[in-house]
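The values are calculated or read from the model by the stated rules, or taken from the named source; none is laboratory data. Keep in mind it's a predicted model, so treat the numbers as computed, not measured. With ideal geometry, Cβ positions are generated from the backbone for all residues, glycine too; neighbour counts draw on all protein chains shown. Surface accessibility is based on the protein's heavy atoms, side chains included, excluding ligands, DNA and RNA. Shrake-Rupley method; radii C 1.70, N 1.55, O 1.52, S 1.80 Å.
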Amino acid sequence: MSMTIGLAGKPNAGKSTFFKAATLADVEIANYPFTTIHANKGVTYVKAECPCVSRDKRCGNCSDGIRYVPIELIDVAGLVPDAHQGRGLGNTFLDDLRQAQAIIHVIDASGATDIEGNPVDIGEHDPLGDIDFLNHELTMWIHSIIMRNWVKLSRKIQAEGLSIEHTLADQLMGAGVNEQHIIEALNQCKLDRNHLTTWSEEDIIHFCDAVRALSKPMIIAANKMDVAPPENVSNLQELEQIVVPTSAAAELALRSASKGNAIKYEPGDEDFTITSEELSPAQKKGLENVRALIQKTNGTGIQECINSAVFKLLDLIIVYPVEDEGKWTDKNDRMLPDAFLMKRGSNAHDLAYKVHSDIGERFLYAVDAKTKMRLGEKHELADGDVVKIVSTAK
């Protein structure tokens, strides 16, 4: 797995329920702040149509033509205001988010928890207030890393003519920031790259905020939609970012029932089939309540949220490398054995390096297994492409 997504938010917003629903990992869930103290790590999946649906037989690596590609999911400790200063479990939270390429911010859309995650009556807290404080904490976390030796560093960059992009990227590497993030943030902020010592505190925070947005892109999961006042959900959906209404509790109920062979259900489906004859009347009623919800809302939103984070927020595609362009198999005759998540705009040579560094270094050309056309190294790949890489590597 080359993809890690973090689940973040204040305590008691439903992060651990979301995590358990998405991964079926055994985690503690309770109605009080800081249930999660140490980060939970598990495997979830993005869902897409498998290319084998266009063939006479299924590949054996999908479920009825649906391919599930694994990604790592991290459920971190809940965040409270001033976490970057160590309040609550803030330092633990921020450290655990270093490796995440994107963040799903789980919001309690019902307004039944205050800004610190303490239970209140439904609708008492405005969930819009939870958005800005998470962004602020992440920005100030990055700011704290830069300011550890800012005076010395800024003077050294100017005196020795060092690359500001490279130097700041080294400084922030541990926070998951790369040189391209620094370049884009500098361009956005229009700061004087030749005179860092003249940057004001406001300039530095503005720069850190840009770095945060670029290195930790965020999607909102408007959780507890089944009990949330409708205006809370609609207000969140009016934000200028991706917002997906979710019910982690409903998804967990469905995934648990499916695992227990009580129902047939695939993540993201808008309905399910009861397959067990041993359910109690109470269990049947509970499942019918969930059915009414997901038919009304077109699913629980959990799979949609994960897919949106990968395909919309990060703009990734799925590409399938093969060794036999005719049968779409590897050397062991396995059909479509691998599915790689890649940035949209990646080319055939990028895929060769993704498969193996030796294959990338000795790349000759590629073949589109669907059309049998030869592809050059700069050929831009499309979502769902099946590609054979030809190289001199053994």
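Observations on the structure shown:
- Full extension of the chain segment joining Thr198 with Arg98 gains 33.1 nm, where the gain is 0.36 nm per residue of separation less the Cα-Cα distance.
- Residue-normalised accessible area of the chain, given per residue in Å² at a 1.4 Å probe: 47 Å²
- Dimensionless Rg/Rh of the stretch 94-186 - Kirkwood Rh, Rg from C-alpha atoms: 1.15
- Over 21 Å [Cα-Cα, the stretch 246-317], rounded percent: 28 percent
- Using C-alpha pairs below 8 Å separated by at least 6 residues, the relative contact order for the chain is 14 percent.
- Surface share of carbon and sulfur [accessible, 1.4 angstrom probe, percent] for the stretch 194-298: 47 percent
- Taking the average, over residues, of other Cβ atoms within 10 Å as the packing measure, peptides 255-261, 141-147 rank 141-147, 255-261 from highest down.
- Convex hull (Cα only) mean projected area of the chain, reported in nm² to one decimal: 22.8 nm²
- Subset of Lys152/Lys354; Lys224/Lys264; Lys41/Lys259; Lys41/Lys331; Lys216/Lys394 violating a 31 Å alpha-carbon distance limit: Lys152/Lys354; Lys41/Lys331; Lys216/Lys394
- With eigenvalues of the C-alpha gyration tensor scaled by 5 and rooted, the stretch 216-362, Å: 38, 24, 9
- Packing-based ranking of 325-338, 203-216 yields 203-216, 325-338, ordered from highest to lowest mean Cβ neighbour count within 10 Å.
- Remark: the Ser234-Asp126 segment gains 37.7 nm on full extension, using 0.36 nm per residue and subtracting the alpha carbon distance.
- Partnerless Cys - the chain, beta-carbon criterion under 4.7 Å: Cys189, Cys208, Cys305
- In Hz, Karplus ³J(HN,Hα) per residue of the stretch 172-183 (6.51, -1.76, 1.60; θ = phi - 60°; x = Gly, Pro): 9, 4, x, 9, x, 9, 10, 5, 5, 4, 5, 4
- Nearest-0.05 FRET efficiency for Lys394 and Ile66, computed from C-beta distance (R0 30 Å): 0.25
- For the stretch 339-394, the square roots of the Cα gyration tensor eigenvalues, ordered a ≥ b ≥ c, give a/c of at least 1.5 with a/b no greater than b/c, which places it in the oblate category.
- One chain, two ends: Ile115 and Lys343. Fully extended at 0.36 nm per residue, the span grows by 78.5 nm beyond their Cα-Cα distance.
- Within straight-line reach of Lys378, meaning a Cα separation under 15 Å, sit the following aspartates and glutamates at least 8 residues removed in sequence or on another chain: Asp350, Glu361, Asp368.
- Prolate/oblate/rounded call for the stretch 118-257, Cα gyration tensor, a/c under 1.5 rounded: prolate
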